[in-house]
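Notes follow once the structure below has been shown.
Laboratory data are not the source of any read-out in this text; all were calculated from the coordinates shown. Every value quoted in this text rests on a predicted model; they were computed, and no experiment measured them. All Cβ positions, even for glycine, are placed from backbone atoms using ideal geometry, and neighbour counts span all protein chains on display.
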Amino acid sequence: MDKKRILYIALFILITIGFAFALYYVFFAPKKDITPQTGTGQPTTGQFPNAGDGQPVQTTGGGSGTLPGSGTVSTPTGNGGQTGGAAAAPIVSRIVDTPVQSARPDGAGGSKYYNVIDGKFYRINENGDIEALSDNTFYNVSDVTWSPAREEAILEYPDGANIYYNFDTETQVTLPTHWQDFSFDKTGNDIAAKSIGFSAENRWLIVSDPQGNTVTPIEPLGQNADKVIVDWSPRGDVIALSRTGEAISADRQEVLLLGQHGENFKSLIVEGRGLETQWSPTGDTLLHSVYSARNGYIPELWVVGASGDTIGSGRKLLGVNTWADKCTFADSRYVYCGVPTNIETGSGFVPELADKTPDNIVRIDTQTGLKQPIETDGVHTVNEMFVSADGNTLYFTDKTQSGLFSVPL
């Protein structure tokens with residue numbers, strides 16, 4: 001019994017000494033330099049970089065495209081990890097902080113927009129400076145239709161009031177309250193619109209000068225006004241598209257092209273419902289989105305010839321699920337679109353389902369169907385989008401954030 005007790009005491013002492021030595025070695029003993037040497041003679045740290053340390057590996061621009069050697073770490077320089085003197089430009093810039101709407105390219109090389117807060121119109125010039133288009137204030141404007149040729153626009157209000165305004169001459173003209181859905185021709189000399197009277201026989205597709213002095217009825221609308229898209233082609237031959245053609249099947253319909261002079265244009269066949277459209281800059285092709293039971297009622301993009309003998313030719317499904325009003329043509333061939341990162345079944349019926357879903361911005365070749373993602377910060381839901389006149393900048397507004405944003409191209 002005494003021998004066992006002595007053995008237990010000795011074992012306890014040894015364990016205590018070992019534990020004390022371990023504490024000393026871990027917390028108090030001086031550290032030795034254990035940095036190994038690589039074959040090139042350059043030491044490596046043998047540690048993972050902290051969050052934010054190190055530079056991303058570049059695989060383009062003439063680099064080798066290989067991963068760095070084991071353990072190599074870039075040293076941060078106190079300016080975001082950049083080795084040069086200037087910080088890197090952000091991928092997406094908010095160039096206007098306040099809520100804006102109806103932003104469009106400006107003929108001087110910048111952009112123009114309506115400021116929802118102060119009720120004024122502004123231009124961002126080619127130097128990035130913001131300047132007022134007019135000293136006048138226009139509160140509570142609900143929609144703006146810009147002239148493609150001059151600094152003038154049709155302003156619509158929630159109560160149905162409409163005015164024409166020229167920002168250069170400060171000329172203001174009140175237009176009839178029963179006119180709606182305006183579209184300028186490419187010269188800015190004429191507008192097309194719907195004239196919606198109280199009775200069906202007094203509802204017409206019309207053409208007028210922007211001040212409303214000379215009005216020409218083009219086509220009776222009757223009970224089908226909501227089936228007509230007023231959208232003047234850049235070529236000038238088509239002023240509207242009408243979904244009043246033959247219903248070929250539940251998911252196919254004929255769309256009629258309407259001109260000013262009763263032209264007998266060929267019709268288009270679209271593969272679904274919920275038609276939204278965008279003309280190419282030349283008016284030769286039409287980008288459009290529709291949804292159908294075939295793909296779970298989510299929107300998909302198509303492109304088709306839409307002028308003269310090419311109407312209906314070259315129709316292509318682009319393999320992109322988004323709406324045409326989230327897209328813009330950069331030129332007659334390339335389109336930029338905001339494409340939801342996730343899109344729910346039935347979103348064609350209820351586009352609001354995607355209003356809080358971030359978008360990827362994609363450049364699409366409408367001739368080949370090739371798609372190129374545009375690098376962004378991935379936190380934006382595109383509302384409207386356009387490309388600057390020089391093609392160097394993509395502008396967009398966001399459904400979840402106020403302001404006007406830009407992305408360098």
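Side notes on the structure shown:
- Ordered by the count of other Cβ atoms within 10 Å of each Cβ, fewest first, L317, L268, L133 give L317, L133, L268.
- Cα centre as origin, Lys/Arg/Asp/Glu Cβ charges: segment 232-374 dipole, Debye: 220 debye
- Cβ crowding within 10 Å ranks S134, S307 as S134, S307, fewest other Cβ atoms first.
- For N383, nonlocal amide neighbours, meaning residues 5 or more places apart or on other chains whose placed amide H falls under 5 Å from its own, are T397, D398, K399.
- Positive minus negative residues near T366 (Lys, Arg vs Asp, Glu; Cβ under 13 Å): +2
- Rg in Å to one decimal, and Dmax rounded to a whole Å, for segment 232-374 via C-alpha atoms: 14.8, 44
- Lys pairs, segment 232-374 - Cα-Cα below 27 angstrom, 8 or more residues apart or on other chains: 6
- Residue-wise HN-Hα coupling along segment 373-386, computed from phi with Karplus coefficients 6.51, -1.76, 1.60 (Hz; x: Gly, Pro): x, 9, 5, 9, 8, x, 10, 10, 10, 5, 9, 10, 8, 7
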